[in-house]
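Have a look at the structure below, then the notes.
The values are calculated or read from the model by the stated rules, or taken from the named source; none is laboratory data. These numbers were taken from a predicted model, which means no experiment stands behind them. Heads up, the Cβs are rebuilt from the backbone with ideal geometry, glycines too, and the neighbour counts pull from every protein chain shown.
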Amino acid sequence: MFNLQSLIRDNIKNLVAYSSARDEFSGEAKVFLDANENSLGSPLTKWYNRYPDPHQLAIKQKLAFIKSIPVEHIFLGNGSDECIDLLFRSFCNPGKDNVVICPPTYGMYQVSANINDVGIKKVPLTEDFQLDLIHLENVVDANTKIIWLCSPNNPTGNSLNRADIEMVLNNFNGLVVIDEAYINFSKQKSFLQELADYPNLVVLQTLSKAWGLAGLRLGMAFASAAIIEVLNKVKPPYNISQATQELVLKALDEVGQVNDMIKLLVDMRDALADVFRSMPTVEKVYPSDGNFILVKIKDARKLYEFLITKGIVLRDRSNVQLCEDCLRITVGSEKDNTILIDAMQAWYQINA
């Protein structure tokens, strides 16, 4: 049986969270002399001299409407990376506990584990980039606190089989974190609506990808109210800046524009994949549910270095397990994509 209290670190259970000035007062006031802010203003705007809402309530209310998720099930982080780090710090005892990752996958799970001195058990994906359930079952032990799953997966681009994920959720008594950073580009259904069925489920999403707000650094964690309460207890008091909150609120009014961008990016992704398949030294174009494509290419590193000389930067994943001779290529603008294809064709002519 899943028991959240048994997962929380003892020091976090006993933690008295920092109480900010904005936590201790709510309501309307004319004069704020409680937070040692600069009452004369700032060089930018009169509003930025004040601390932001530590609970980001206005953003959460809009997200609650968009996602059909109650506010108390939403946590906002300074990018998904803060959400990842807080999960480690809240639930994993340094030097004792461990987590499971399934490479190739997003690298910050391992980095955060190392920073927090948490053990890592690796269960590589199968050759078709799916979960190895038998291996996964065999490595889990009494100190395994979190299983990290990325779907759609980065860098491979594919979605994990839903039935396999449900199998993990039903049979693991720790937290199962599903990172859905690229879910908007996929036809697969999000796990958000399954939160009521799985008290051990945490879903990560972001505004960096489909919403085009990577520069604002706003990630989202969705989970039970009890898990969200723990994350709110541990987070810094003002982790989302006032400028970010203001701009995100404006962006969340543009759902239609975002949906149009998603459709266009998916169309360009599929068209790019067709072009790559026609190229002479491309060995495989992997199916993608993201805004990028993993491509296996002969002499991938040499092509990567050639493109650098043309001012084109891709992500060389050749040294990543199961991704030998692979480049991860983000779908660019129509102009970007044309420049890339022309440069790749020039490379092939030179090396024919």
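Quick one: in region 60-83, which of the residues that are aliphatic (A, V, I, L, M) and closer than 16 Å to Ser208 by Cα is surrounded by the fewest Cβ atoms within 10 Å (Cβ to Cβ)? Show your work before the answer.
Step one: of region 60-83, the residues aliphatic (A, V, I, L, M) are 63-64, 66, 69, 71, 74, 76.
Adding the requirement that they be closer than 16 Å to Ser208 by Cα leaves 63, 76.
Working: Leu63: 22, Leu76: 24.
Checked region 60-83; the qualifying residue surrounded by the fewest Cβ atoms within 10 Å (Cβ to Cβ) is Leu63.
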Check your understanding: Looking at (1) of a type in the set (S, T, N, Q); (2) free of Cβ contacts under 8 Å to residues at least 60 places away in the same chain; (3) part of a helix (DSSP H, G or I), can you tell me which one Ser318 breaks?
Key -> (3)
Review point. If you go through region 32-52 one residue at a time, how many are in a loop (DSSP other than H, G, I, E, B), touching a residue at least 40 places away in the same chain (Cβ under 8 Å) and farther than 25 Å from Val202 by Cβ?
Key: 2
Review point. In this structure, is Ala29 surrounded by 13 or more Cβ atoms within 10 Å (Cβ to Cβ), outside any strand (DSSP E or B) and free of Cβ contacts under 8 Å to residues at least 40 places away in the same chain?
Key: no
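Tally the residues that are of a type in the set (Ser, Thr, Tyr) and under 22 Å from the mean Cα position of the chain (by Cα), restricting the search to region 319-340. Can you show your working first?
Looking only at region 319-340, we keep the residues that are of a type in the set (Ser, Thr, Tyr), and these are 330, 333, 338.
Now drop any that are not under 22 Å from the mean Cα position of the chain (by Cα), which leaves 330.
Number of matching residues: 1.
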Check your understanding: Is at least one residue of region 65-86 in a helix (DSSP H, G or I), more than 30 Å from Tyr106 (Cβ to Cβ), at pLDDT 85 or above and in contact with a Gly (Cβ under 6 Å, 6 or more places away or on another chain)?
Key -> no
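Working carefully through the options Asp289, Asp299, find the one that is surrounded by fewer than 19 Cβ atoms within 10 Å (Cβ to Cβ) and outside the structural domain of Tyr182 (by TED's automatic domain parsing). Reasoning before the result, please.
Details: Asp289 fails: surrounded by fewer than 19 Cβ atoms within 10 Å (Cβ to Cβ).
Residue meeting the stated conditions: Asp299.
From the list Ser6, Ser19, which one is of a type in the set (Ser, Thr, Tyr), within 33 Å of the chain's Cα centre (by Cα) and in a loop (DSSP other than H, G, I, E, B)? Quick ask: steps written out before the conclusion?
Details: Ser6 fails: in a loop (DSSP other than H, G, I, E, B).
Ser19 is the lone residue from the list that is of a type in the set (Ser, Thr, Tyr), within 33 Å of the chain's Cα centre (by Cα) and in a loop (DSSP other than H, G, I, E, B).
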Point to revise | Selection status of Ser90, of a type in the set (S, T, N, Q), closer than 19 Å to Val230 by Cα and at pLDDT 95 or above | key: yes
Check your understanding: Residues Asn153, Asn173, Asn161: which one is over 26 Å from Ile329 (Cα atoms) and not assigned by TED's automatic domain parsing to the domain that holds Leu314?
Key -> Asn173
Review point. Inside region 104-135, can you point out the residues that are of a type in the set (A, V, I, L, M, F, W, C) and not in a helix (DSSP H, G or I)?
Key: Val118, Ile120, Val123, Leu125, Phe129, Leu131
Point to revise | Residues satisfying the stated conditions in region 192-207, i.e. assigned to a loop (DSSP other than H, G, I, E, B) and surrounded by 18 or more Cβ atoms within 10 Å (Cβ to Cβ) | key: Leu195, Tyr198, Asn200, Leu207
Review point. Residue check, Arg328 against (1) farther than 23 Å from Asn158 by Cβ; (2) not in a loop (DSSP other than H, G, I, E, B), all met but one. Which one?
Key: (1)
